[in-house]
Amino acid sequence: LPDGDVVLVGGSIAADSTFFAAELQPDGSLDPSFGVNGVEHVKVPLSAVGVLREPDGKLLVLATGPALSKFQGPQLMVVRLDANGMLDQTYGVHGDGVARTGLWGSGAGAISADGELLVSGTTGSEPPNPPPALPNTHWVVEELASAGTLDPAFGRNGATTIAVKHASGDQLVAEPDGDIVADGVSQTEYLTRLTPQGAEDPTFAAGTPVAIN
């Protein structure tokens, strides 16, 4: 954090588990102004994978939760905490401070140049007995507005599906000019660049994802 403190997050997707966040001061002690005596507990089964800081100081915790089906990976979810560590219950549509993206994957995310949350993941499903069957998966990049819902101005109703068959979303980077560089994996690894509006950037490989290995 800008003041030198560090935020740690953790948890488990096991049933009835508790997700937590803690803030440590530079000397390693808990910051008592964060959460309850330095720790915030959220009764949602989540495995935290990263933390992003919004321009207003709020924290977005990227996490994975239970899969939506046995043929999918862990569901990508986002928890928002106020700068003081308390759960922001205005975030998401269920009044619990959690946004459910509908994607599954590694939990890659970035803050866009205009302060919105970008996430990369996967839709569709894996075959029941791979290999040799190919997965029926789609590489998707979403933008979430400040309320934790899809931003309809991005892509198609908040999401862009990258034109690579049998692909899964991996990592992404938000560039200072608003463009988005995203990485996905099919039978090989691909790289693409999107405009701030979520369209394939025609100045990058004529708008076509590039195989990089």
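The values are calculated or read from the model by the stated rules, or taken from the named source; none is laboratory data. Values in this document were obtained by computation on a predicted structure and should not be read as measured data. So basically every Cβ, Gly included, is an ideal-geometry build from the backbone, and we count neighbours across all protein chains shown. Each accessible area value is taken on the protein alone, full model and side chains, heavy atoms only, with ligands, DNA and RNA left out. Shrake-Rupley method; radii C 1.70, N 1.55, O 1.52, S 1.80 Å.
Structure summary
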read-out	value
Accessible solvent surface per residue of the chain, calculated while the other protein chains remain in place, 1.4 angstrom probe, Å²	47 Å²
R0 of 22 Å, Cβ-Cβ distance LYS58-SER33: FRET efficiency to nearest 0.05	0.90
Cα-based Rg and Dmax for region 1-129, where Dmax is the largest Cα-Cα distance (Å)	15.0, 51
Carbon plus sulfur fraction of accessible area for region 1-129, probe 1.4 Å, in percent	54 percent
Contour minus Cα-Cα distance for THR90 and THR161 (0.36 nm per residue)	22.8 nm
Residues of type lysines that LYS58 reaches as a straight line, Cα spacing below 28 Å, ignoring anything fewer than 8 places off in the same chain	LYS43
Pairwise label distance in nanometres, ALA153 with GLN197, each label 7 Å out on the Cα-Cβ vector	1.1 nm
Relative contact order (%) - region 81-213, alpha-carbon pairs under 8 angstrom, separation at least six	18 percent
Protection proxy ranking, peptides 18-24, 186-192, average beta carbon neighbours within 10 Å, highest first	18-24, 186-192
Full-extension gain in nm, LEU68 to HIS41, via 0.36 nm per residue minus C-alpha separation	7.3 nm
